[in-house]
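Inspection log for the structure reproduced underneath, given as structure tokens.
Values quoted throughout were computed directly from the atomic coordinates according to the rules given, and no laboratory measurement underlies them. No experiment lies behind these values; they were computed from the predicted model shown. Glycine gets a Cβ as well: all are built from the backbone with ideal geometry, and neighbour counts include every protein chain shown.
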Amino acid sequence: MTPKRRVDNLALFGGERLFSEPRHVNKPNSPPRELFDRYLDTAWSAAWFSNDGPLLRRFEARLCEQFDVRHCIVTCNATAALDIVLQALRLPPGGEVILPSYTFVSTANLLRLAGLKPVFCDIAADSMNADPEQCARLISSDTVAIIPTHVWGVPCDIDALEALSDQSGVPLLFDAAHAYGAVHGTRRIGGFGLAEIFSLHATKALHAFEGGIIATDDDALADDLRLRRNFGFSGNDQVDLPGVNAKMSEAHAAMGLANLDVFARTIAASRLCHETYEQGLRGIPGLVLRMPDPASQPNYHYVVAELDAQQFGMDRDTLTRLLFAENIWARRYFYPGVHRMTPHLPLAPQAPVSLPQTERACNRVLVLPAGAAIDLDDVRAICTLLRFISENAAVIAGRS
Ligand code: T4K
């Protein structure tokens, strides 16, 4: 890790890369191996590896207790989880679902596959979450659901969205993929809306290699989801409805449980990483870190920077190219915005959807390598590099 002294030292201009191996946005957290092995051994000795096994049940029970909800249905990933929720709600074909465009593409894809119509709302500039006033304006007689995301683990304006759902009678589901461990007011994320859906993908704050959680207090919905997760089987030969295979294996549940055991340490390490970036990037013109709202007890899992090209002296994409050349795989999530992705472009191209705050975020955001598993010396080296680039932005921009 040799710091750059001259612009020629940048890897994009032929210099040595800062890191010999890529530094990723979220290197997966690994719990102590013996902890994972201990859980796995119980599955091994019972020779029970899937289908509602004992580890899965333990995992679900612990999640219910944490979220203070009656049901947690754990699945093979969050996309499959939302898929069975949409099926369970029996939404009429052609129904409109309001969701932000500034989110991962999976929800909009599922809506299209289910014959539903995604209606994209803009985000509030201060939170990057769905703007409740926009959502209210988009409600029509065809609206069948609202699915906002707690982007970067920052809770949405839950009170306003719940009020909107109550007034309109439209069911509210939260995409909580990023938000395990976050708190809104005095309650953990997991207990809001009709259901909240978490991702346990390897890159998430809490992970199970792959996985998803549906948290809900609705007994009938939970019963239906358990059937749908397992092909619709209610007995050995009894199939009640057309379900799919959305089950989680015991090996995945073992990883989920092991990561749950060490989660307090995970959050503390992620927080330290965040604070190291805060310190290291302070004062760089035009490079602003999104600060976690302490009132919502964030999980500190993502380090999200916003770049003002004019003040920094270089646009976000040029900076991304410079960082990639150094093996810093910073990501411009959720570029270009779901409403501008091929499957979700408006059917009438002459009437493009205008979402100014979403487009602004898509053009400015850079998610930096972070999380509990990152080496803090790497974080300091990334900050030093960003400061060097900022100080030499005019020269670099002229050459790239
Ligand atoms: N809703 C939201 C808001 C979401 O963000 C997501 C998923 C979902 C719903 C759906 O949840 P799941 O159905 O996945 O449970 C990644 C993840 O694949 C995806 O789960 C995640 N969001 C999304 C934000 O990020 P990509 O295409 O960016 O993945 P990828 O492979 O580039 O991974 C990100 C970085 O992590 C890379 O730099 C490589 C590194 N990495 C990745 C893996 C898998 C590792 O270092 N180790 C690993 O094991 O989508």
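Can you list the lysines whose alpha carbon is less than 25 Å from that of Lys4, not counting same-chain residues fewer than 8 positions off?
The reachable lysines, counting only those whose Cα sits under 25 Å from Lys4, are Lys27.
How are the alpha carbon pair distances in the stretch 239-321 distributed across 10 Å bins from zero to the largest one, expressed in percent?
14, 28, 23, 19, 12, 3, 0
Distance between the C-alpha centers of the stretch 253-292 and the stretch 334-400? Whole Å please.
The distance from the Cα centre of the stretch 253-292 to that of the stretch 334-400 comes to 19 Å.
If Rh is defined by the Kirkwood formula over all Cα pairs and Rg also comes from Cα, what ratio Rg/Rh do you get for the stretch 33-261?
0.98
So what is the relative contact order of the chain, in percent, for Cα pairs below 8 Å that sit 6 or more residues apart?
23
Whole number please: convex hull volume per residue of the Cα set in the chain, in Å³?
148
Answer rounded, prolate or oblate for the stretch 65-186, using the Cα gyration tensor with square roots of eigenvalues a ≥ b ≥ c: rounded when a/c is under 1.5, else prolate when a/b is larger than b/c, else oblate.
Here the stretch 65-186 falls in the rounded category.
Can you sort Asp157, Asp52 by how many other beta carbons sit within 10 Å, fewest first?
Ordered by Cβ neighbours within 10 Å, fewest first: Asp52, Asp157.
In whole Å, what is the distance between the alpha-carbon centres of the stretch 118-175 and the stretch 38-73?
Going from one Cα centre to the other spans 32 Å.
Considering only Val85, Ala251, Ile214, whose Cα is most displaced toward the positive end of the charge dipole of the stretch 33-261, charges sitting on Cβ of Lys, Arg (+1) and Asp, Glu (-1)?
My answer, from the dipole projection, is Ala251.
Which value at 222 nm does the chain reach when only helices count, each DSSP H run of 4 or more adding -39,500 (n - 2.57), with the total divided by all residues and rounded to the nearest 500 deg cm²/dmol?
-11500 deg cm²/dmol
Could you please report the charge total around Ile147, scoring K, R as +1 and D, E as -1 over all other residues with beta-carbon less than 12 angstrom from its beta-carbon?
Net charge around Ile147: -3.
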